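Comments concern the structure below.
The values are calculated or read from the model by the stated rules, or taken from the named source; none is laboratory data. Only a predicted model underlies this, so the values are computations on that prediction, with no experimental measurement involved. Note that each Cβ is placed from the backbone with ideal geometry, even for glycine, and that neighbours are counted across all protein chains shown. The area values use the complete protein model at the heavy-atom level, side chains included, leaving out ligands, DNA and RNA. Shrake-Rupley method; radii C 1.70, N 1.55, O 1.52, S 1.80 Å.
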Amino acid sequence: MNRDADTPVILFGAFDRHNFGDLLFPHVAAALLGRKKLVFAGLARRDLRRFGGHRVQALAQLAAQWKNRPLHILHAGGELLTCDAWQAAVMLLPPGRAHETVMRFETHPQDGRQWARRLLGLPDLAPYVVTRDLFPSAGKVIFNAVGGMDLDARDPDLRGEVLAKLGLADRIGVRDGRTLAMLDAAGIAACLMPDPAVMVAELFGDAIGTRLRQGAVAQVSAAFPQGYLAVQFSSDFGDDRTLAAIAAQLDRIALARGQGIVFFRAGAAPWHDDLDAYRRIAAHLSAQWRIFDSLHLWDICALIAGSRAYVGSSLHGRIVALAHAVPRLNLRYPAQAGQLSKPEAFAAAWDAALPGAVEVHEIARAIEQALAANPEQLRATARNLAARYRMDFAALCDGLQ
């Protein structure tokens with residue numbers, strides 16, 4: 001392992017768009033690496049600092065500039081193994097353009113794939129999985145707590161490319177047992193480790209605490225002196241029947257406890273959370289509610305940390321709640337019956353004491369169950385997972401820190 005502190009480390013991931021978990025990953029990796037020469041890279045050049053993210057370099061441009069430069073590559077985390085070029089390209093567009101693009105290529109998928117390759121400047125089917133093909137002088141190529149939940153069900157060409165790339169990596173850490181089992185079946189060695197977001201309270205507690213005491217989150221706390229539920233769900237839950245069912249369940253808890261309901265977005269990129277669905281669900285509520293407008297990373301963390309419980313579809317909403325010892329549960333997509341979701345896989349591996357993902361008609365019961373959890377047990381889970389992640393990250397990145 002090259003221990004030269006002047007060798008850059010490329011932190012690579014999907015933090016080139018607004019998605020809560022992806023924005024968190026490079027913060028965690030940078031804090032634990034403690035190196036000065038870090039390059040934050042995604043598939044597109046973006047500046048997300050106004051949301052608490054980073055100024056991100058485009059991978060294709062970096063490869064052209066640094067092709068023969070000594071460096072290390074650390075995939076910062078996330079569900080990178082199953083994101084194909086088409087999905088990646090569309091999620092990097094503004095929401096309006098994303099819808100137009102999907103419609104334009106709906107009946108011409110091959111043209112859509114060619115468009116995606118041109119946009120990204122890369123020929124890869126799985127562009128968020130990087131090898132030395134782009135950086136021949138790379139010292140180490142490491143995958144940190146990545147996921148690939150449905151890799152076995154994806155297009156065979158995509159799956160073959162991902163497995164071939166992983167076979168060339170130096171070290172691989174995955175965050176769920178399903179991905180671990182698939183890689184093991186393919187003869188690829190990997191270790192199981194928690195998601196990086198379990199570190200947020202330990203590493204960034206001061207910044208989150210400041211946001212709790214002032215600004216938008218402080219206004220929420222003042223508006224709901226008996227507390228509030230932090231609620232989030234993706235556009236998959238946006239049909240009228242599902243919204244009415246969620247509202248009825250939230251009302252049962254909020255009215256009984258005199259608490260408010262605060263809706264927030266854990267992602268503003270295409271195919272993530274939809275403000276219109278929050279406005280529509282409000283028409284069904286009797287409890288007090290408000291929509292939290294801020295998309296800043298630390299505001300979202302603070303909103304969850306200050307809540308009585310987190311309820312939503314976001315994996316990282318759950319994990320940030322876990323890190324702050326807040327009761328939590330996830331919602332199961334209405335059309336996802338019988339399929340293991342990312343939050344369920346995480347809960348099975350790391351957070352089995354609390355409800356995993358529940359159907360919308362089970363929300364009230366599951367919230368009561370989560371709220372009944374022993375607070376000390378919640379704090380112990382947070383401490384233990386942070387300690388486990390720190391240990392696993394150190395082993396994975398030995399020599400880079």
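Would you calculate a helix-derived [θ] at 222 nm for the chain, using -39,500 (n - 2.57) for each DSSP H run of n ≥ 4 and dividing by the full residue count, to the nearest 500? Can you show the working numbers first?
On the way: 16 runs with 178 residues, N = 401.
Estimated from H runs of four or more residues: -13500 deg cm²/dmol.
Which value, in Å², gives the accessible area per residue of the chain when a 1.4 Å probe is used on the protein heavy atoms?
Values: 16090 Å² over 401 residues.
Accessible surface, normalised per residue, equals 40 Å².
Multiplying the sequence separation of Arg383 and Ala348 by 0.36 nm and subtracting their Cα-Cα distance, what value in nm do you get? Don't jump to the answer; show the numbers that get you there.
On the way: separation 35, 0.36 × 35 = 12.60 nm, distance 1.78 nm.
Full-extension gain reported as 10.8 nm.
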> Val358's amide H: which non-local residues (gap 5+, or another chain) put their own amide H closer than 5 Å, with H modeled 1.01 Å from N in plane and none for Pro or chain starts?
Replying inline: Asn330, Leu331, Arg332
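Evaluate the Kirkwood expression for the hydrodynamic radius of the range 256-401, namely the inverse of the mean inverse distance over all pairs of different C-alpha atoms, and round to one decimal in Å. Provide the component values of the computation, followed by the final result.
Details: mean 1/r = 0.0604 Å⁻¹.
Value: 16.6 Å, from the Cα pair sum.
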> How big, in percent, is the set of alpha carbon pairs in the range 247-299 lying more than 17 Å apart?
Replying inline: 41 percent
> How much of the accessible area of the chain, in percent, comes from carbon and sulfur atoms when a 1.4 Å probe is used?
Replying inline: 49 percent
>> Between the range 50-120 and the range 266-295, how far is it from one alpha carbon centroid to the other, in angstrom?
In response: 27 Å
>> Highest mean first, how do 218-226, 54-62, 380-388 rank when packing is the count of other Cβ atoms within 10 Å averaged over residues?
In response: 54-62, 380-388, 218-226
>> Over 15 Å apart: what share of the alpha carbon pairs of the range 348-401 falls there, rounded to a whole percent?
In response: 61 percent
>> As a test question: what accessible area, to the nearest 10 Å², does Ile10 have when a 1.4 Å probe is rolled over all protein chains in place?
In response: 0 Å²
>> Highest mean first, how do 34-41, 78-85 rank when packing is the count of other Cβ atoms within 10 Å averaged over residues?
In response: 78-85, 34-41
> What whole number of Å gives the distance from the Cα centroid of the range 308-328 to the Cα centroid of the range 219-263?
Replying inline: 14 Å
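How many Å³ per residue does the convex hull of the Cα positions in the range 1-158 occupy?
Working: hull volume 18.8 nm³, N = 158.
It comes to 119 Å³ per residue, whole-number rounded.
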>> Which order do you get for Ser294, Ser137 if you rank them by accessible area with a 1.4 Å probe, largest at the top?
In response: Ser137, Ser294
> Which whole-angstrom value gives the distance between the alpha carbon centres of the range 347-396 and the range 125-169?
Replying inline: 29 Å
> Using the alpha-carbon atoms, what tilt in degrees (0 to 90, nearest 10) does helix 200-213 show relative to the longest principal axis of the chain?
Replying inline: 50 degrees
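Compute the Kirkwood hydrodynamic radius of the chain, taking the inverse of the mean of 1/r over all pairs of distinct Cα atoms, and give it in Å to one decimal. Don't jump to the answer; show the numbers that get you there.
Details: mean 1/r = 0.0463 Å⁻¹.
Final number for the Kirkwood radius of the chain is 21.6 Å.
Please label the shape of the range 137-253 as rounded, prolate or oblate, based on the square roots a ≥ b ≥ c of the eigenvalues of the alpha-carbon gyration tensor (a/c under 1.5 means rounded; beyond that, a/b larger than b/c means prolate, else oblate). Don't jump to the answer; show the numbers that get you there.
Numbers: a/c = 3.42, a/b = 1.67, b/c = 2.04.
Note, shape of the range 137-253 comes out oblate.
Report, as a whole number in µm² per second, the diffusion coefficient that Stokes-Einstein gives for the range 71-212 at 37 °C and 0.692 mPa s using the Kirkwood radius over alpha carbon pairs. Intermediate results must be reported in sequence, preceding the final value.
Values: Rh = 16.7 Å.
Stokes-Einstein gives a translational diffusion coefficient of 196 µm²/s.
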> When all protein chains stay in place, what accessible area (Å², nearest 10, 1.4 Å probe) is found for Asp6?
Replying inline: 100 Å²
>> Sequence gap at least 6, Cα distance under 8 Å: using those rules, report the relative contact order of the chain to the nearest whole percent.
In response: 16 percent
>> Shape verdict for the range 206-310, please, from the Cα gyration tensor: rounded (a/c under 1.5), prolate (a/b greater than b/c) or oblate.
In response: oblate
